[in-house]
């Protein structure tokens, strides 16, 4: 009997050791995954919509980059022709008067992947301080659809002129089911 209880203690310790080893390996993988994030623009902004894919050991990143621009004008005493684009990928805000006015664009994001995905939106360029997203850094369930409003907000002291930049939609998808908790 002593032999059986000694073996069960060893089996219990071995199981605990393996579980602890698995948790440590998962923590190391999570740190590695956080350090290896997608390549973001540093100086060159896109002129046309582009899509790139980057990945690390645990995640796949799909980065859709959209050029964006606006002309900030003083609308006082002027006739301005307003126009709009129905193309959902076109993030051109057109002409927006200065002085606390808004321009809005809407995008509808859909997850067609097998697993939930984390969505992050970023704005770059000299237009970026004026860009506000109605929602950001959110999980999108499998086959989920999420409308996001992109607002360009001028301030009372926004300088007149042309502003441009890029809006990126980063989709972070886990490669494995057990990684979903790290999104």
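Here are the numbers for this structure:
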read-out: Per-region count, segment 125-137, residues at pLDDT 95 or above and assigned to a strand (DSSP E or B); value: 3
read-out: Residue within segment 147-156 that is surrounded by fewer than 15 Cβ atoms within 10 Å (Cβ to Cβ) and under 15 Å from the mean Cα position of the chain (by Cα) present; value: yes
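Each row is one residue, and each column tells you yes or no for (1) within 30 Å of residue 159 (Cα to Cα); (2) part of a strand (DSSP E or B).
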residue: 95; (1), (2): yes, yes
residue: 100; (1), (2): yes, no
residue: 108; (1), (2): no, yes
residue: 115; (1), (2): no, no
residue: 118; (1), (2): no, yes
residue: 121; (1), (2): yes, yes
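The values are calculated or read from the model by the stated rules, or taken from the named source; none is laboratory data. Please read all numbers here as calculations on a predicted model, not as lab measurements. A quick note on method: Cβ atoms are made from the backbone with ideal geometry, for glycine too, and the neighbour counts reach across all protein chains shown.
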